[in-house]
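Since the structure comes first, as structure tokens, the remarks are kept for the end.
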Amino acid sequence: MCVFIGDYQIKLDSKGRFLFPAAFVEQLGKEEAHTFVIKRDIYEKCLTIYTASSWQARVDAVKAHLNPFNRQHNVFLREFFKDTAEVGLDSSNRLLVPKRLLLQAELKSDIFVLGLDDKIEVWDTEIYNESRPDIGEYAKMAQDFLGNLAL
């Protein structure tokens with residue numbers, strides 16, 4: 001699976017397209033298809049982009065824990081698959097974000113694209129900057145989450 005590293009300030013054009021970072025295209029390599037699943041994030045006001053193989057791994061993990069004959073599980077599955085779209089890069093390495101997803105994430109012209117291991121987050125720059133923890137909060141999280149690990 002692909003690992004995405006880096007963050008980029010990018011302009012969204014009037015059609016809802018943005019230039020996929022060249023570093024991400026490189027990180028995809030030749031073996032990973034240039035088709036993606038884009039989804040409204042569960043927790044944040046942003047979009048999450050998965051490679052086809054990364055998305056399939058998530059689907060398999062979710063399905064392994066749910067019974068489609070359980071009503072509540074079925075409701076969760078419906079919501080899990082809702083607000084998703086399959087997208088691909090055009091010949092200029094631009095990615096077209098469906099309008100409904102642009103609206104849900106409140107993406108305007110300035111976006112922030114962030115590689116997070118096997119997924120990519122796409123944020124409106126202003127919303128991203130407002131949601132970031134300050135350096136003290138981040139340091140406390142590092143201590144709380146990783147303080148006992150020998151890295």
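The values are calculated or read from the model by the stated rules, or taken from the named source; none is laboratory data. Since this is a predicted model, take the numbers as computed values, not measurements. Note that each Cβ is placed from the backbone with ideal geometry, even for glycine, and that neighbours are counted across all protein chains shown.
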Quick check on my filter: what residues within region 52-96 are of a type in the set (D, E, K, R) and farther than 23 Å from Val113 by Cα? Asp60, Lys63, Arg71, Arg78, Glu79
Name the residue that is nearest to the chain's Cα centre (by Cα), counting only residues in region 6-32 that are under 15 Å from Val87 (Cβ atoms) and not in a loop (DSSP other than H, G, I, E, B). Phe24
Criterion: among the aromatic types (Phe, Trp, Tyr) and in contact (Cβ under 8 Å) with a residue 60 or more places away in the chain - qualifying residue of Phe24, Phe69: Phe24
Spans of helices (runs of 4 or more DSSP H) in region 33-151 with at least 3 residues surrounded by 11 or more Cβ atoms within 10 Å (Cβ to Cβ) and touching a strand residue (DSSP E or B) at 6+ places or on another chain (Cβ under 9 Å): 52-64, 99-104, 125-131
Taking region 84-114 and keeping residues within 18 Å of Ala57 (Cα to Cα) and not polar (S, T, N, Q) leaves Ala85, Glu86, Val87
Going residue by residue through region 75-85, is there one that turns out to be within 21 Å of His34 (Cβ to Cβ) and in contact (Cβ under 8 Å) with a residue 40 or more places away in the chain? yes
The one condition Leu47 fails out of (1) out of contact with any Pro (no Cβ under 6 Å at 6 or more places or on another chain); (2) modelled with pLDDT of 95 or more; (3) closer than 13 Å to Gly115 by Cβ is (3)
